[in-house]
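**Q** Can you keep this structure in mind? I'll have questions shortly.
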Amino acid sequence: MLTTNAFSQGTLKGKLVDSTGKNPLGLATVTVFKAADTALITYRLSNPEGEFKVSGLPLNIDCRVVISYSGFDAYRKEFKVTSEDVLDLGTITMYPTSKSLDEIIIVSERPPVSVRKDTIEFNASSFKTLPTALVEDLLRKLPGVQVDAEGNITANGKRVNRIMVDGKAFFGDDPKMATRNLPANLIDKVQVTDDKDEIARNSDGDLTNVGQVINLTFKKGVKKG
């Protein structure tokens with residue numbers, strides 16, 4: 001028999017500011033793991049006011065929150081939600097660093113999604129696929145990315161013009177050459193950004209419908225070429 005607490009869930013919230021205490025940090029990634037094995041529970045992005053609210057957290061389990069924002073040291077805190085009340089971390093101060101996110105965050109605590117200037121970056125290992133999956137299957141798992149039956153891709157509602165692999169063209173400009181031939185388990189990161197070539201060709205300055213480019217980075221040790 002299920003108890004009334006079987007489906008009870010808790011919430012974590014807070015607000016992020018830089019070390020001056022004046023500027024809120026929007027689009028920071030707030031990731032919650034199980035403390036015991038760093039298994040991913042969930043993640044959120046902070047809003048433009050630097051506020052975040054992470055709901056759906058399991059009760060009475062040791063958790064770790066890792067907050068990351070490009071150009072700042074990561075914030076880590078272990079916690080346990082013991083009731084359905086909101087656990088408020090208050091205002092969290094983030095401190096600048098000259099190190100990259102990859103240097104300050106261990107692999108097991110990498111955020112599923114991070115925003116770096118004009119690029120949205122997905123950590124491929126956070127999105128589980130079958131061993132036989134192709135890149136197209138991985139893309140279908142990413143929030144904001146859609147792949148239709150013909151293999152056409154949109155990201156954040158905008159068409160994807162081409163796919164790069166480690167910053168280089170992959171056998172022409174047809175994205176399906178990469179998405180339907182490369183195994184998903186080779187991919188470390190999926191980076192989505194505006195198509196800078198299209199922006200350069202756009203004489204009227206209207207960037208509303210500018211297409212996207214996806215860059216796939218290989219895992220270390222993968223033989224290229």
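The values are calculated or read from the model by the stated rules, or taken from the named source; none is laboratory data. A quick note: this is a predicted structure, and the numbers were derived from the prediction, not measured. Backbone-built Cβ (ideal geometry, glycine too); neighbour counts: all protein chains shown.
**Q** Among the residues in region 87-102, are any part of a strand (DSSP E or B) and of a type in the set (Phe, Trp, Tyr)? Even if it seems obvious, please write down each step before you answer.
**A** We begin by selecting, within region 87-102, every residue part of a strand (DSSP E or B); these are 87-94, 96.
Within this subset, residues satisfying the condition of being of a type in the set (Phe, Trp, Tyr) are none.
No, region 87-102 has no match at all.
**Q** Can you confirm whether residue 31 is in contact (Cβ under 8 Å) with a residue 24 or more places away in the chain and among the hydroxyl-bearing types (Ser, Thr, Tyr)?
**A** Here the answer is yes, as residue 31 does meet what is asked.
**Q** Residues in region 69-86: is at least one crowded, with 17+ Cβ neighbours inside 10 Å, in contact with a Lys or Arg (Cβ under 7 Å, 6 or more places away or on another chain) and modelled with pLDDT of 90 or more?
**A** Within region 69-86, none of the residues are crowded, with 17+ Cβ neighbours inside 10 Å, in contact with a Lys or Arg (Cβ under 7 Å, 6 or more places away or on another chain) and modelled with pLDDT of 90 or more.
**Q** Further, regarding this structure: Step by step: first the residues of region 124-171, then only those that are polar (S, T, N, Q) and in a helix (DSSP H, G or I), then the one that is farthest from residue 185 (Cα to Cα). Which residue is that?
**A** The qualifying residue farthest from residue 185 (Cα to Cα) is 126.
**Q** Here's a follow-up. Cβ-Cβ under 6 Å, sequence separation 6+ or interchain: first residue in region 55-81 and more than 14 Å from residue 45 (Cα to Cα) and without any contact (Cβ under 8 Å) to a residue 40 or more places away in the chain, partner among the aromatic types (Phe, Trp, Tyr) and exposed (fewer than 15 other Cβ atoms within 10 Å of the Cβ). Which pairs?
**A** What qualifies is 73/95.
**Q** So which residues in region 108-138 are touching a residue at least 60 places away in the same chain (Cβ under 8 Å) and among the hydrophobic types (A, V, I, L, M, F, W, C), if there are any at all?
**A** Those that are touching a residue at least 60 places away in the same chain (Cβ under 8 Å) and among the hydrophobic types (A, V, I, L, M, F, W, C): 113, 115, 120, 122, 124, 135.
**Q** Which one of 210, 160, 135 is outside the structural domain of residue 28 (by TED's automatic domain parsing) and under 17 Å from the mean Cα position of the chain (by Cα)? It would help to see each step written out before you state the result.
**A** On the way: 210 fails: under 17 Å from the mean Cα position of the chain (by Cα); 160 fails: under 17 Å from the mean Cα position of the chain (by Cα).
Exactly one of 210, 160, 135 is outside the structural domain of residue 28 (by TED's automatic domain parsing) and under 17 Å from the mean Cα position of the chain (by Cα), namely 135.
**Q** State yes or no: is residue 126 of a type in the set (S, T, N, Q) and at pLDDT 90 or above?
**A** The answer is yes for residue 126.
**Q** Turning to a different aspect of this structure: Sort through 113, 160, 135, 147 and tell me the only one that's closer than 22 Å to residue 218 by Cβ, crowded, with 18+ Cβ neighbours inside 10 Å and either small (Gly, Ala, Ser) or in contact with a Phe, Trp or Tyr (Cβ under 8 Å, 6 or more places away or on another chain) (or both).
**A** Details: 160 fails: either small (Gly, Ala, Ser) or in contact with a Phe, Trp or Tyr (Cβ under 8 Å, 6 or more places away or on another chain) (or both); 135 fails: either small (Gly, Ala, Ser) or in contact with a Phe, Trp or Tyr (Cβ under 8 Å, 6 or more places away or on another chain) (or both); 147 fails: either small (Gly, Ala, Ser) or in contact with a Phe, Trp or Tyr (Cβ under 8 Å, 6 or more places away or on another chain) (or both).
Among 113, 160, 135, 147, only 113 is closer than 22 Å to residue 218 by Cβ, crowded, with 18+ Cβ neighbours inside 10 Å and either small (Gly, Ala, Ser) or in contact with a Phe, Trp or Tyr (Cβ under 8 Å, 6 or more places away or on another chain) (or both).
**Q** Turning to a different aspect of this structure: Mind listing whichever residues of region 172-195 are assigned to a loop (DSSP other than H, G, I, E, B) and in contact (Cβ under 8 Å) with a residue 40 or more places away in the chain?
**A** 180, 181, 182
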